[in-house]
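The values are calculated or read from the model by the stated rules, or taken from the named source; none is laboratory data. What you are looking at is a predicted structure, and each value in this text was computed from that prediction instead of being measured. Cβ placement follows ideal geometry from the backbone for every residue including glycine, while neighbour counts extend to all protein chains displayed. Accessible surface is based on the protein model in full, side chains and every heavy atom, while ligands, DNA and RNA are left aside. Shrake-Rupley method; radii C 1.70, N 1.55, O 1.52, S 1.80 Å.
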Amino acid sequence: MDRRNFLRVSAMAGTVLAYGTAACGAATADRRTLSTGATGSAGASAAEWRALGRGLDGRLIRPGDASYDPARRLFNTAYDSVRPAGIAYCATAADVAECVAFARRFGVPVTSRSGGHSYAGWSTSRNGLVIDVSPMSRVSYSGGHATIGAGARLVDVYASLAAHGVSIPAGSCPTVGIAGLTLGGGLGVVSRKYGLTCDVLESVRIVTADGRTLTCSATSNPDLFWASRGGGGGNFGVATSFTFRTHAIRDVTLFFLHWPWSKAAAVLRAWQAWAPYAPDELWSNLHLGHDPSPDVMVGGLYVGGKAGCERLLRRLVDRVGAGPSSRYVARSPYDHAMMVMAGCADLSVAQCHRPGSLPGETSKGRLVRDAFTAKSHIAYAPLSATGIRTLIRQVGTAGRHSVLLDALGGAIGRVRPDATAFPHRRALFTVQYYAHRTGAAAWARAAHAAMRPHFGDHAYVNYIDPELTGWRRQYYGANAARLARVKAAYDPGRLFRLPQGV
Ligand SMILES: Cc1cc2nc3c(=O)[nH]c(=O)nc-3n(C[C@H](O)[C@H](O)[C@H](O)COP(=O)(O)OP(=O)(O)OC[C@H]3O[C@@H](n4cnc5c(N)ncnc54)[C@H](O)[C@@H]3O)c2cc1C
């Protein structure tokens, strides 16, 4: 779940804190966290690159082109020094197949890119070819099913589907791409009610290493379909479109409650006994921040009216044993609520993009890019009193950082751990250590290490972390072996490579 920026939006009488990226400020990243995806030198001549460009319906951008610098950037400014040999904006699956054939023929490292939000920067490539799917961003809807191009950004998905009175459960960051999110799982603010993004996936079209375009569903290439629901982006081929089951949208209730920092331990103790076990309609997040002073907040969304939400919030407050120092609870149309969660409450959909750095993004975009370091855990059991004290101590250290706990459970937990590649169905909540500015990586590392004895070793592949040593088990648990078999079947030559490739 989108964590990092508890953007202050003014609404009603108080200050409301919402999730989103509008407040993402560029800052210095710790260079030790830098790591890129495919590396190596491109084995094709300039003439062969030109021929690739001529063969595409989309556009190939090369070093020296005027748009090369904006085209090579990801969301995280920490990867701005990475210089791919080419960025192919693919307009069709046939374009993708051309690029895949080119990479195979000339031994050029290849990586795919949708929204460009990979924490590790693994959707760019030193000297390789980036297959960017952002021109394939169409969203269409018919009879309870949405077909979404692999390059669509979440804000456009929500806006297009809202016009039909429907939605899908997905993340709250407006500029995250549907491809990376879905392939890794996809946690969102209505996931306890409707499931992960990958849980409502009905089929996906994928260009595989041999250049075929496969439709994958429960009945067609079912193994690849299984792997595409939580196995992680960049492993099995290049997805070009997704078809999802939609749900009708209803008004929701948004809430944000603040307590003084002195109550942080009590709030954490109460939240972990409340949030993962709440009715499916309620999703919430606990934010322990230090920016610049310590702060504790519970925010979230209830699929239903204000009275029902207030009843559930009362249970939390009773557990804390002290009322919040400020609160905001208000009913909202679903599409507005998603804009608040995205940090776009005061922006139009068009403005809720990054300004024109990619062809798919409007020049009216207002959201800035970000430099951050993040590490994470997945909690399978509540924190003990010692664990709570340790976490509060980590947040209290000097610096600008946050710990974000996002509730799991509900519909997410009713799926068997081996039914999709996302294994963490029995977990209670995700935990992210998120920091900006100088020293960010050192703080995140220290906080992660301090909490490891308390949370154990489980991780979410969409919060990909190049520093994990036991990543295979941590991301995939008992599903790792089956993922390796799917990889061997569909990409035996390992054309699609990641430092943490299955
Ligand atoms: C600001 C921010 C907010 C976030 N909020 C949430 C959230 O609310 N919920 C949540 O679950 N996660 C969230 N995440 C994590 C996010 O889901 C992952 O970072 C995800 O991988 C990003 O997808 P992307 O397409 O934007 O990124 P990219 O960097 O483009 O891709 C991520 C990975 O997928 C691969 N990939 C991209 N396109 C394709 C394709 N077409 N076919 C195959 N592989 C592909 C890339 O090679 C890369 O390895 C957030 C991340 C950030 C930075």
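Using only Cα atoms and rounding to the nearest 10 degrees, what angle (0 to 90) does helix 480-490 make with the longest principal axis of the chain? That works out to roughly 20 degrees. Applying 1/(1 + (r/R0)^6) with R0 = 25 Å to the Cβ-Cβ distance of S140 and A218 gives a FRET efficiency near 0.70.
Solvent exposure of the chain, expressed per residue, is 35 Å² of accessible area, with all protein chains present and a 1.4 angstrom probe. Counting every pair of alpha carbons in segment 236-359, the share spaced more than 18 Å apart comes to 61 percent. For the chain, the Cα gyration tensor yields ellipsoid semi-axes of 36, 23, 22 Å (square root of five times each eigenvalue, largest first, whole Å).
Taking the 0 to 90 degree range and rounding to the nearest ten, how far is the long axis of helix 385-396 tilted relative to the main principal axis of the chain, both from C-alpha atoms? Long axis of 385-396 versus the principal axis of the chain: about 70 degrees. Neighbours of G195, meaning other residues whose beta-carbon lies under 10 angstrom from its beta-carbon, give a summed charge of +2 when Lys and Arg score +1 and Asp and Glu score -1.
Computed over segment 436-500, the Cα gyration tensor eigenvalues convert (square root of 5λ each) into semi-axes of 29, 15, 7 Å, ordered from largest to smallest. May I ask you to list the lysines whose Cα is less than 20 Å away from that of K306, ignoring any residue fewer than eight positions away on the same chain? Hits, sequence-local ones excluded: K193. Taken about its Cα centre, the chain carries a charge dipole of about 800 debye when Lys and Arg each add +1 at the Cβ and Asp and Glu each add -1 at the Cβ. Exposure check, 1.4 Å probe, all protein chains in place: W271 carries approximately 0 Å² of accessible surface.
Treating r as the C-beta distance of A488 and D210 and R0 as 22 Å, the FRET efficiency rounds to 0.95. Extending 7 Å from Cα along the Cβ direction at S326 and again at A66 yields two label points whose distance is 4.6 nm.
Summarising the overall dimensions of segment 53-181 from its C-alpha atoms, the Rg and Dmax are 15.3, 47 angstrom.
So if the hydrodynamic radius of segment 139-249 is defined as the Kirkwood radius over C-alpha pairs, what does Stokes-Einstein give as its diffusion coefficient at 25 °C and 0.890 mPa s, in µm² per second? Taking Rh from Cα pairs, D becomes 180 µm²/s.
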